[in-house]
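Let me begin by presenting the structure, written as structure tokens, before commenting on it.
The values are calculated or read from the model by the stated rules, or taken from the named source; none is laboratory data. A quick note: this is a predicted structure, and the numbers were derived from the prediction, not measured. As a convention, Cβ positions derive from the backbone with ideal geometry for all residues, glycine included, and neighbour counts pool all protein chains shown. In case anyone asks, the SASA skips ligands and DNA or RNA and just uses the protein heavy atoms, side chains included. Shrake-Rupley method; radii C 1.70, N 1.55, O 1.52, S 1.80 Å.
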Amino acid sequence: MEEPVREAVILVHGLWTGGWAMQGLRLLLSRRGYAATALDYPSMAQSLLDNARRLALRVAELRRPAVHLGGHSRGGLVILRYLRTCGEQRIGRIVLLGAPVRGCMAGLRLESLAAGERLLGASRDIWRSLPDDYRPQCELGVIAGGRPWGLGHLVMRLPGTNDGVVRLEETEVAGMRDRIVLPVSHSGMLVSARVARQ
């Protein structure tokens, strides 16, 4: 008897990390029946467009009728750039975790520091928001954090609801189907069973 085909999920990590950072979430999703993998890409050495092309190659490798995408922080921006440049064919659902879609106050502050250029490398382009006219057609949800523990507080005090790095209003995506705020920090999203359930 053939094993049923599991739905595929590609998880895309954020800045300063690698595919290893998504392993906790990958395991949680695997236990829920998904064929989950993590994309590894050079977050500081290449632009969003270059990383979006790397994601396109991974999607093309998967022999599944539909592929779901989940992106943490910068990984969410890689996904949105991929959709804009490569289209949405074969993409099922998308979930963005703490992605600074509307810019990033903490990131802009970090960029302005003396060491900002070295710390961000080619990723300096991520703090610019996507054009307002971009509206993904596939089902897209956003998970934002409401626990303000993170790197953002080392460079400035972030106003309003935030996850310690990204403010709630910075996670808004045109056309998103839903957005939920959970009591997790920016990095805490990666190991949260509650985030995996959502």
Looking at region 93-104, is at least one residue open to solvent by 10 Å² or more (accessible area, probe 1.4 Å), out of contact with any helix residue (DSSP H, G or I) (no Cβ under 6 Å at 6 or more places or on another chain) and not in a helix (DSSP H, G or I)? yes
Within region 77-92, considering residues that are surrounded by fewer than 20 Cβ atoms within 10 Å (Cβ to Cβ) and either in contact with a His (Cβ under 7 Å, 6 or more places away or on another chain) or charged (D, E, K, R) (or both), the one modelled with the lowest pLDDT: Glu88
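Kindly evaluate Arg167 against the criterion of being without any contact (Cβ under 8 Å) to a residue 12 or more places away in the chain and at negative phi.
Numbers: without any contact (Cβ under 8 Å) to a residue 12 or more places away in the chain: no; at negative phi: yes.
When the stated conditions are applied, Arg167 does not pass them.
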Per-region count, region 143-162, residues outside any helix (DSSP H, G or I) and more than 14 Å from the chain's Cα centre (by Cα): 13
With Gly150, Gly146, Gly175, Gly164 as the choices, which residue is at pLDDT 95 or above and open to solvent by less than 60 Å² (accessible area, probe 1.4 Å)? Gly146
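Would you call Arg74 modelled with pLDDT of 90 or more, within 18 Å of the chain's Cα centre (by Cα) and surrounded by fewer than 22 Cβ atoms within 10 Å (Cβ to Cβ)? Break it down stepwise before answering.
Numbers: modelled with pLDDT of 90 or more: yes; within 18 Å of the chain's Cα centre (by Cα): yes; surrounded by fewer than 22 Cβ atoms within 10 Å (Cβ to Cβ): no.
Spelling it out, it is not the case that Arg74 is modelled with pLDDT of 90 or more, within 18 Å of the chain's Cα centre (by Cα) and surrounded by fewer than 22 Cβ atoms within 10 Å (Cβ to Cβ).
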In region 29-46, anything buried (at least 16 other Cβ atoms within 10 Å of the Cβ) and in contact with a helix residue (DSSP H, G or I) (Cβ under 8 Å, 6 or more places away or on another chain) is listed as Leu29, Ala36, Thr37, Ala38, Leu39, Asp40, Tyr41, Ser43, Gln46
For the list (1) farther than 25 Å from Ala66 by Cα; (2) touching a Phe, Trp or Tyr at 6+ places or on another chain (Cβ under 8 Å); (3) hydrophobic (A, V, I, L, M, F, W, C), I need the number of the one condition that Ala174 fails. (1)
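Would you pick out the residues in region 35-87 that are assigned to a loop (DSSP other than H, G, I, E, B) and under 16 Å from Gly19 (Cβ atoms)? Walk me through how you get there before you give the answer.
So in region 35-87, the residues assigned to a loop (DSSP other than H, G, I, E, B) come out as 40-47, 62-66, 73, 87.
Answer for region 35-87, where residues must be assigned to a loop (DSSP other than H, G, I, E, B) and under 16 Å from Gly19 (Cβ atoms): Asp40, Tyr41, Pro42, Ser43, Met44, Ala45, Gln46, Leu62, Ser73.
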All but one of (1) assigned to a helix (DSSP H, G or I); (2) open to solvent by less than 20 Å² (accessible area, probe 1.4 Å); (3) at pLDDT 75 or above; (4) over 26 Å from Arg64 (Cα atoms) hold for Arg109; state the number of the condition that does not hold. (2)
